[in-house]
Amino acid sequence: MSPEQARGDVSSLGPGTDVWSLGVVLYESLAGRPPWGGETTAAVIGGILTREPAPIRRTRPDVPAALDRLLRVALARGVRSRFPDAGALRDDLERLLRGERPRARPPGAGRRILGAAVLLTVAVSAAAALRPTPVAPPADRGPDRRPTEAEALVERAGALRASDPSAGAECLGRALTLEPAHAGRNAWLVERGRLLWAAGRSAEAQDAWGRVSDDAPEATEARFWRAFERFTRWAGGIEDPDLAAAAKGEGRWGRLARALVLGDSGRSDEGLRLLAAEEGWEAAALRGWLLRLQDREDRTGELREFERALAIGIPFSWAYVACAEARNSLGDPAGGLREADAALRLAPGAPEALLARAIALEALGDRAGALADMDAAIRRSPDWADALANRGALRFRAGDMEGALADAEAALARISGFPFARYVRGNVRKARGDLPGALEDFDAAVRRDPRLVEALVNRGITRGELGDPEAGLADIEASLRMAPGHGVALTHRGIARANAGDPEGAIADWEGALRALPEAPPVLANLGRALAERGGPGDRERASGLLRSFLRLAPEHPRSDEIRALLAECEGESAAPRR
């Protein structure tokens with residue numbers, strides 16, 4: 001994908017775009033690897049947009065210098081700096097093979113001064129729209145003055161921004177120690193805070209932003225970052241003094257802060273409209289967060305914005321975590337695992353990344369690995385209620401009722417009434433036969449968080465078991481309006497329909513449940529029995545397959561003897577000659 005494609009610059013697409021792709025193929029043919037690599041799509045696109053490829057002669061010293069120059073023309077960032085079309089690239093390759101000098105010159109070589117200045121202006125303008133706000137050089141730095149040691153460290157930090165933000169932050173820290181009164185001090189502090197946050201060092205980032213002078217032009221930007229970092233940890237919000245102050249500011253950072261205020265007050269749509277014309281990675285990250293606040297079932301848009309932010313800006317560990325959470329929610333645990341690993345490479349041991357990876361690992365069948373990650377996250381953040389509740393849910397699914405109950409109680413001790421923790425505790429109570437206690441927990445969870453579908457489903461099931469089937473069915477119907485394909489809800493609505501004398505409605509629900517839960521024994525047993533009883537063309541044969549799957553997955557189930565008898569009946573009828 002060429003730079004113009006990665007930027008979404010449709011007006012620049014043309015023959016030069018294909019020349020760029022040919023240049024990538026030629027580079028890989030010579031080097032044995034593509035010019036840009038990375039663990040994720042976002043990392044690759046980020047390299048395309050922000051870094052020149054490594055010179056081919058570093059990998060293949062035997063490549064002629066003329067071919068190296070030809071490659072640099074083909075891979076020029078600007079379309080106009082490349083070969084005009086594939087034919088021109090072919091002609092220069094043929095000249096090189098004949099021992100002649102290629103006509104193309106690398107971008108900027110042999111150009112008139114005016115042309116070079118114009119190209120530089122365009123490049124700088126494009127970069128300013130896509131990259132983090134650059135650290136300004138000192139006002140008194142003339143063309144003949146060599147940079148000080150501190151200024152050289154700042155330039156080094158800029159080079160490390162995309163590859164090693166933690167090391168870049170250290171460079172800025174040394175620069176500030178060398179020249180604490182430098183004219184660029186506040187800009188250095190803002191950038192240091194961003195790089196520290198990218199590396200998962202939130203407390204140090206907050207300190208860096210807090211040191212920016214109140215009367216400096218960068219103060220609004222620093223306040224925005226302080227508020228946004230706290231906001232992503234759910235510790236900030238509209239009452240945050242930094243956010244309130246930043247929202248009164250002028251210019252870009254004031255607009256971003258006002259969008260964040262709108263999101264926190266439940267008006268994310270207005271915040272998104274305010275950001276519609278904003279470019280740059282910060283705006284993309286904020287759009288992703290506002291979409292996340294809307295708690296949509298489909299998190300594709302949120303994922304797209306976070307990936308764009310990573311592609312064109314600093315590789316923030318928290319943004320990779322957001323991508324991992326979105327992928328887990330979209331049913332892509334392999335992608336969630338990949339994004340969580342990318343976050344942990346930037347911020348080793350980050351609790352949020354460990355939790356996201358644990359959720360992906362469990363979905364991929366590695367329950368032991370998931371539990372180890374959750375244990376590690378809680379060791380790093382012992383008071384993190386979300387991690388405690390999630391570990392409790394994992395322990396419950398593993399059959400560890402004591403551990404699940406202890407985690408749920410610990411989470412509730414930290415956040416009174418925490419809905420997900422009450423849901424977990426309700427599951428434990430229900431499994432132990434305490435239906436009134438379970439209903440109390442499920443009801444409290446739903447009242448605090450009406451969108452917690454799992455708690456709503458379980459409240460409905462428990463109400464039915466306690467003798468109130470109408471209220472129970474109302475909860476199941478409400479959960480299916482929020483999550484139409486919810487397997488457990490469909491399973492229990494199917495049971496209600498079967499009990500009400502609607503076998504076709506029950507079969508339809510169990511078919512839907514089977515798509516969501518293909519190896520759930522109750523679904524296999526209920527659907528298998530219903531198809532066997534209906535006895536239509538092919539029903540008996542399909543019922544046999546479902547019942548066999550049930551016995552394979554749950555051979556010791558209390559209903560296994562009943563299912564074996566039904567299976568024998570189905571297969572006996574299937575084998576009998578038809579008249």
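The values are calculated or read from the model by the stated rules, or taken from the named source; none is laboratory data. On a predicted model such as this, the values are computed, not experimentally measured, just so you know. Cβ: placed from backbone, ideal geometry, glycine included. Neighbour counts: every protein chain shown.
Checked against (1) surrounded by fewer than 17 Cβ atoms within 10 Å (Cβ to Cβ); (2) of a type outside the set (Gly, Ala, Ser); (3) assigned to a loop (DSSP other than H, G, I, E, B), residue 182 passes all but a single condition, namely (1). Considering the range 456-493, and only residues there that are touching a Lys or Arg at 6+ places or on another chain (Cβ under 6 Å) and either modelled with pLDDT under 90 or over 16 Å from residue 510 (Cα atoms) (or both), the residue that is surrounded by the fewest Cβ atoms within 10 Å (Cβ to Cβ) turns out to be 471. Taken as a whole, the condition of being free of Cβ contacts under 8 Å to residues at least 12 places away in the same chain and among the charged types (D, E, K, R) applies to residue 332. Taken across the range 531-544, residues that are touching a Pro at 6+ places or on another chain (Cβ under 9 Å) and assigned to a helix (DSSP H, G or I) do occur, with at least one present.
Within the range 397-409, being assigned to a helix (DSSP H, G or I) and either surrounded by fewer than 17 Cβ atoms within 10 Å (Cβ to Cβ) or modelled with pLDDT under 95 (or both) holds for 397, 401, 402, 406, 409.
Right, residue 200: at positive phi, under 29 Å from the mean Cα position of the chain (by Cα) and surrounded by 15 or more Cβ atoms within 10 Å (Cβ to Cβ) or not?
When the stated conditions are applied, residue 200 passes them.
Pairs meeting the criteria (first residue in the range 66-92 and assigned by TED's automatic domain parsing to the domain that holds residue 54 and at positive phi, second residue surrounded by fewer than 22 Cβ atoms within 10 Å (Cβ to Cβ) and outside any loop (DSSP other than H, G, I, E, B), beta carbons under 6 Å, at least 6 apart or on different chains) are lacking. Within the range 32-61, the set of residues being farther than 30 Å from residue 346 by Cβ and either in contact with an Asp or Glu (Cβ under 7 Å, 6 or more places away or on another chain) or at pLDDT below 70 (or both) comprises 57, 61.
Residues in the range 206-229 that are over 21 Å from residue 261 (Cβ atoms) and buried (at least 20 other Cβ atoms within 10 Å of the Cβ): 208 alone. When the criteria are applied in full, residue 408 fails the requirement of being in contact (Cβ under 8 Å) with a residue 24 or more places away in the chain and aliphatic (A, V, I, L, M). Considering the conditions (1) closer than 25 Å to residue 191 by Cβ; (2) of a type outside the set (Lys, Arg); (3) in a helix (DSSP H, G or I), residue 369 is excluded by exactly one of them, (1). The condition of being at pLDDT below 95, buried (at least 23 other Cβ atoms within 10 Å of the Cβ), part of a helix (DSSP H, G or I) and charged (D, E, K, R) holds for residue 362.
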